[in-house]
Each structure stands twice: as C-alpha cells, then as structure tokens.
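Peer 1: Input: one structure, supplied below.
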Amino acid sequence: MSKLGTLGARLHRGEVGYDFVKNRKIWYGISILITITAIVGLAVRGLNMGIEFQGGAVFTTPKNTSVSVAQAEEYAEEASGHDAIVQQLGDGSMRIQVAGIDTGAADRIKDSLAEDLKIDAEQINADLVGPSWGDQIADKAWQGLGIFMVLVVIYLAIAFEWRMALAAFVALIHDITITVGIYALVGFEVTPGTVIGLLTILGYSLYDTVVVFDSLKEQTRDITRQTRWTYSEIANRSINSTLVRSINTTVVALLPVAGLLFIGGGVLGAGMLNDISLSLFVGLAAGAYSSIFIATPLVADLKELEPPMKALKKRVLAKRAQAAAKGEPLDGSAEDTSAEDELDADADDEAPAVVGPRSQPASRARGRGRSSGKRR
C-alpha cells in the first residue's frame, strides 16, 4: 500500500488526525478575511463584464497579422474612442472587442482597422452583440442559481437535517463570493463561460460537503447512548476519515482545469478557456476548503447548542475528569463499558449456577477484571 493509502487508512481508523474543529475559529477568521477582501475588490474594482453583457462588436483579423497585440489595441481604441480588448488566438489571428458601439460605428471602426493593419476590410470579420442577449443570460443564471440553492437546502434538510443544510448553504455562498471576488481583483473578463463555470463549481463544492456529512451522520447515530466522544470530536473524526478522499478528488479535478487555465488560456491564448477555467480552478479549491474548514465545524457549533449535546458534553468531560483522578487514560480511547456491564449482568442473571472452577463467566473471560455473578 502506498504511503498516502496507509495514511488514509490510519485517518479512517482514527489512529492519527488533526483537530480541525478545535481550531475552527482560526478557519472562520481566515474565511472572513478572504471574503471581506473579495467583497472589497468587487466593490472597488467591479467586474469586467464581457461584450456579451454590454453589447458591442467583435472583430476577427486574418491569420499572421504583422502587428502586435499592443499595437492593434492602440489602433482599435483610436478608431472607436472606447477601450478595446485584443487577444492573440492560437492560429495567429486576433480577436478585437469593442464594447458600447452600434452598427454604424462598427462599420467605421472596421474600415479604420483595415487601413491601419494594411489589409482588405473584407478580410476582417465583424460580429455585433446586443446587450439584451447578455441580460437574458444573466437572468437565467440568477434563476438557475436560486433554484439550485433552494433544492439543495430542501434535499439536505430531508436527507440529513436543517443544520447541515444551513452549513452547506453558507459554504456555497462562501465559495461563490470568493470566486467572484477573485474575478474582480484579477480583472478577468466575465463571459457566459464564466457563468457556466460558477454554476459548475456548486456541484463540486456540494459533493465534498455531502461526503463528510454522510460520514458524520453515520458516526453520530445514537450518540447520546455513549460517553466516549462529544459531537465536535466525532465531527472531527468524520473530517479526518474522509480527508484523503477529499484531497484526491480535488486534486484529480484541479489537474485538467489547471491545464485549461495555464496551457489552453495562457500559452495558446484561448480566451473562452480562461473565462471558464479560472472560475472552475478557484471554485474547486474554495469548495474543498469550505467543506473541511467551514461546513462541518459550523454543523458542530450548531449541534452543540442543543440541550442533549450540551448534556452529553458534560457527561463526557465528567467521565474524563473521573478517569484523570484515577490515573486512567484521558484521550477517550478506552471503550465505554457502561452498556456492556449491563449486558453482562443480564447474561449472568440468565446463566445457570455452576459449582466448582469448571467454567468462568464471559465477563471474566474477556479479561476486564470484573467480578462474575449477579450484581448486588
């Protein structure tokens, strides 16, 4: 077995682990700081909305144009009087975007570009985009996001409980805010590809969260019938038991997205790949972070506000204090034998009396040092 597989097995069995829940205030603070930075960046710089949302024209030059991107951008801005975005495409052609112009201005800009670039105007392909199309995309995206959030909350509330649904909702808002804030800070253009990426990351983020929640639900079944662990401790065990799985799925998802972002967008200059891959890359990383450091610790905080969980925590701490006074281990690794003692007593009540040392009660055979026979 590989070292990572061995570590995953030890984490799953609880032999090793990191106390994520205990240090939750640190993670909350980091998330709040990142979120505030993203919101400030969004408020100060705003989003660089693509031409699909503003309206305008897109000019595509023929291959092997002799001018540079910077020079073409200067020509386009002089001809239009507006800011222009120029991208070098993989085949050697250039894509020139000018927002906020109408059909008449587009024809004039096309002729001016042809003259500056010293090519025939017929070789430049001009596409006009109306702002109403972008508005429709934005409206549909908001509708899809709203419907998705409502369905997620309903599903998690039914499959798990409302506290987990609330924690997952907070984690999703956290991921979207950070991703949108990164777009504002780096100045990447927001296009329909960006919207697709934002909607896609919600599923990835929710997947990691549900994996941990499912483990937590299984391990906290009949939790109040034992006195070994508090709810927060079991939540922490759930995170550790699924940690390697979450890391593996995130890394496997990030590798192809990183290829799209750094090779497809950076090296080959494919603009649409940049638009969708940046949102996926940031969203996947933020989703993995929030499922481990935000969602599950938040569930633990909400659950331990309940009276039964408060009572359980008091019993666990009282038992550990009693064990400490007797010099017994304090890490909760010893088995909780209260229920087993009751079962042993019942079994002894039903067992027939045996004269002589021919046999021993099951409780003594297990070597726990408890006396046999009925309890008085």
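Peer 1: Does the range 135-151 include one or more residues that are touching a residue at least 12 places away in the same chain (Cβ under 8 Å) and over 30 Å from ILE294 (Cα atoms)?
Peer 2: Our first condition is that a residue be touching a residue at least 12 places away in the same chain (Cβ under 8 Å); within the range 135-151, this holds for 135, 137-138, 141, 144-145, 148-149.
From the residues that got through so far, the ones that are over 30 Å from ILE294 (Cα atoms) too are 135, 137.
Within the range 135-151 (the criterion being touching a residue at least 12 places away in the same chain (Cβ under 8 Å) and over 30 Å from ILE294 (Cα atoms)), the answer is yes, since at least one residue qualifies.
Peer 1: Quick one: count up the residues across the range 91-121 that are open to solvent by less than 20 Å² (accessible area, probe 1.4 Å), over 12 Å from THR61 (Cα atoms) and of a type outside the set (A, V, I, L, M).
Peer 2: Counting residues in the range 91-121 that are open to solvent by less than 20 Å² (accessible area, probe 1.4 Å), over 12 Å from THR61 (Cα atoms) and of a type outside the set (A, V, I, L, M) gives 0.
Peer 1: May I pose another question? Give the residues of the range 207-221 that are within 19 Å of ILE154 (Cβ to Cβ) and more than 17 Å from the chain's Cα centre (by Cα), sorted by residue number.
Peer 2: The first filter runs over the range 207-221 and keeps only residues within 19 Å of ILE154 (Cβ to Cβ), leaving 207, 209-210, 213-214, 217.
Across the range 207-221, the qualifying residue is only LYS217.
Peer 1: I'd like the full set of residues that are closer than 22 Å to HIS82 by Cβ and aromatic (Phe, Trp, Tyr), limited to the range 92-150.
Peer 2: Within the range 92-150, just TRP133 meets the criteria.
Peer 1: Among the candidates SER232, SER205, which residue alone is of a type in the set (Ser, Thr, Tyr), open to solvent by less than 10 Å² (accessible area, probe 1.4 Å) and touching an Asp or Glu at 6+ places or on another chain (Cβ under 8 Å)?
Peer 2: On the way: SER232 fails: open to solvent by less than 10 Å² (accessible area, probe 1.4 Å).
One residue alone meets the criteria, SER205.
Peer 1: Taking LEU199 as the residue in question, decide whether it is under 30 Å from LYS140 (Cβ atoms) and at pLDDT below 85. Show your work before the answer.
Peer 2: Values: under 30 Å from LYS140 (Cβ atoms): yes; at pLDDT below 85: yes.
Here the answer is yes, as LEU199 does meet what is asked.
Residues checked against (1) assigned to a helix (DSSP H, G or I); (2) open to solvent by 40 Å² or more (accessible area, probe 1.4 Å); (3) under 25 Å from ILE51 (Cα atoms):
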| residue | (1), (2), (3) |
| --- | --- |
| GLY144 | yes, no, yes |
| VAL152 | yes, no, no |
| MET164 | yes, no, no |
| PHE169 | yes, yes, no |
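Peer 1: A further question follows. Based on this model, can you work out whether LEU305 counts as modelled with pLDDT of 90 or more, open to solvent by 90 Å² or more (accessible area, probe 1.4 Å) and not charged (D, E, K, R)? Can you show your working first?
Peer 2: On the way: modelled with pLDDT of 90 or more: yes; open to solvent by 90 Å² or more (accessible area, probe 1.4 Å): yes; not charged (D, E, K, R): yes.
Yes, satisfied.
Peer 1: Just to be sure, is ILE119 touching a Pro at 6+ places or on another chain (Cβ under 6 Å) and either of a type in the set (Val, Ile, Thr) or under 30 Å from ALA235 (Cα atoms) (or both)? Let's see the steps before the verdict.
Peer 2: Working: touching a Pro at 6+ places or on another chain (Cβ under 6 Å): no; either of a type in the set (Val, Ile, Thr) or under 30 Å from ALA235 (Cα atoms) (or both): yes.
Here the answer is no, as ILE119 does not meet what is asked.
Peer 1: Quick test for you: out of ALA126, ALA157, ALA114, pick the one residue that is within 28 Å of LYS303 (Cβ to Cβ), among the small types (Gly, Ala, Ser) and at pLDDT 80 or above. Spell out how you get there, then give the answer.
Peer 2: Details: ALA126 fails: within 28 Å of LYS303 (Cβ to Cβ); ALA114 fails: within 28 Å of LYS303 (Cβ to Cβ).
Of ALA126, ALA157, ALA114, the one residue that is within 28 Å of LYS303 (Cβ to Cβ), among the small types (Gly, Ala, Ser) and at pLDDT 80 or above is ALA157.
Peer 1: From the set of residues in the range 1-34 that are more than 19 Å from VAL299 (Cβ to Cβ) and of a type in the set (Ser, Thr, Tyr), which is modelled with the highest pLDDT?
Peer 2: That would be THR6.
Peer 1: Also: State yes or no: is ILE51 out of contact with any Lys or Arg (no Cβ under 7 Å at 6 or more places or on another chain), open to solvent by 70 Å² or more (accessible area, probe 1.4 Å), touching a residue at least 60 places away in the same chain (Cβ under 8 Å) and aliphatic (A, V, I, L, M)? Spell out how you get there, then give the answer.
Peer 2: Details: out of contact with any Lys or Arg (no Cβ under 7 Å at 6 or more places or on another chain): yes; open to solvent by 70 Å² or more (accessible area, probe 1.4 Å): no; touching a residue at least 60 places away in the same chain (Cβ under 8 Å): yes; aliphatic (A, V, I, L, M): yes.
In short, no.
Peer 1: When residues of the range 122-139 are filtered for being under 19 Å from PRO62 (Cβ atoms) and open to solvent by 20 Å² or more (accessible area, probe 1.4 Å), how many remain?
Peer 2: Final tally of qualifying residues: 5.
Peer 1: In addition: From the list THR227, THR242, THR250, which residue is modelled with pLDDT of 80 or more, over 19 Å from the mean Cα position of the chain (by Cα) and open to solvent by 10 Å² or more (accessible area, probe 1.4 Å)? Give the steps one after another, and end with the answer.
Peer 2: Numbers: THR242 fails: over 19 Å from the mean Cα position of the chain (by Cα); THR250 fails: over 19 Å from the mean Cα position of the chain (by Cα).
Of the residues listed, the single one that is modelled with pLDDT of 80 or more, over 19 Å from the mean Cα position of the chain (by Cα) and open to solvent by 10 Å² or more (accessible area, probe 1.4 Å) is THR227.
Peer 1: All but one of (1) charged (D, E, K, R); (2) over 30 Å from THR177 (Cβ atoms); (3) touching a helix residue (DSSP H, G or I) at 6+ places or on another chain (Cβ under 7 Å) hold for ARG45; state the number of the condition that does not hold.
Peer 2: Single failed check for ARG45: (2).
The values are calculated or read from the model by the stated rules, or taken from the named source; none is laboratory data. All figures in this text were calculated on a predicted structure; none of them were measured in a lab. Heads up, the Cβs are rebuilt from the backbone with ideal geometry, glycines too, and the neighbour counts pull from every protein chain shown. Ligands, DNA and RNA are excluded from the accessible area calculation, which covers all protein heavy atoms including side chains. Shrake-Rupley method; radii C 1.70, N 1.55, O 1.52, S 1.80 Å.
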